[in-house]
Amino acid sequence: LFYFHCFLHFKVSGVADRQSLRIVLGAVDKEADLVVTMFELSVLLPDKHIDIIMVGPLISDKISGSKVEHGNLSVTRFSTSLQDYIRYSSETDSIDLIICLNAGLAAYPSWREAVLTVAEKHIKCYITDFCLLSLDMSQQALNSLLPLLQPSLDSLSLSDSQMAGGGSQTVAACPRLSEPLINPFRNPFRKYCDSARLAWFSNAFICELRL
C-alpha cells in the first residue's frame, strides 16, 4: 500500500487537467484503515485538490461517512458497494475517475451489476489485477454481459448504428478491457498462488474498462 500513492499519481496526472479531482476507489477493504498512506499524494500533486472516495461493503460501519483531510487531499469512506454509491450519491456527476484495485471481476458475484452501473454513467474506470490470467477471466466475464446488452443494441436506430461503426456496434457497446500494461508501481513482493504457477503481484497490471 505504500506504493499506492505513486500509482495514483501515475494515473491521475494523465487523466485531467482540472484543479479539482474526485476519485472513487471501489471494493476497498484494508486500504480504508491506511488512509495515512494517501497523504503523499498531496505532495506529488500540490496544484490540485483531490477528493478520494473509498467505497466497499467490508469497510467498518464505525468509520463509514468519516472524512480525513490533509493539505489539498481529502479521503472519505463509505460502507457500501460501488454500484450503490454511484446510484444514490448526489455527487455521482462530479466523479472524474474510478479505480478498482486487484479487481478480479470474475471472482465476485456483484461485478456484473457494478460494471453495468459504471457503463450507464460513462465514468472513466481503471482496474488492476494480480496476473494476466485473472484479466483474461475478467474479459470472459465481461463478454457474458452481451446478452443483457443486446436488447438495447437491437433498438439502435440506423443513424446510431452508422455512428457506432455499422457491423462493429455490438463489439463497441460491450464493456471490454484495454490491452494490459505493467504497473510500474506494483507491489514488489510476490504473492503465493496455490491454483496456478504464475507470478502474482498486487496491482501488477493496469487496464482501462472501456465502456
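Among the lysines, select those whose C-alpha is under 27 Å from the C-alpha of Lys124, and discard any that sit fewer than 8 residues away in the same chain.
Answer for Lys124, where 27 Å is the Cα cut-off: Lys11, Lys30, Lys48, Lys67, listed by chain and number.
Heavy-atom accessible area of Ser134 with all protein chains present, probe 1.4 Å, nearest 10 Å²?
30 Å²
Return the distance in nm (one decimal) between the two label points of a simple spin-label model at Leu181 and Val43, each offset 7 Å from Cα along Cα→Cβ.
2.5 nm
Do any GluC sites (Glu not before Pro) in the range 34-98 lie in a loop, going by DSSP, with at most 14 other beta-carbon atoms within 10 Å of their beta carbon, and if so which?
Details: sites: Glu40, Glu69, Glu91; in loops: Glu91.
In loop regions of the range 34-98 (DSSP not H, G, I, E or B), the sparsely surrounded GluC sites (Glu not before Pro) are Glu91.
Which FRET efficiency, nearest 0.05, do Ile63 and Tyr88 yield, Cβ-Cβ r, R0 22 Å?
0.70
The values are calculated or read from the model by the stated rules, or taken from the named source; none is laboratory data. Predicted model, so just to flag it, every value in this text is computed and none were measured. Backbone-built Cβ (ideal geometry, glycine too); neighbour counts: all protein chains shown. What goes into the accessible areas is simple: the full protein's heavy atoms, side chains included, and nothing from ligands, DNA or RNA. Shrake-Rupley method; radii C 1.70, N 1.55, O 1.52, S 1.80 Å.
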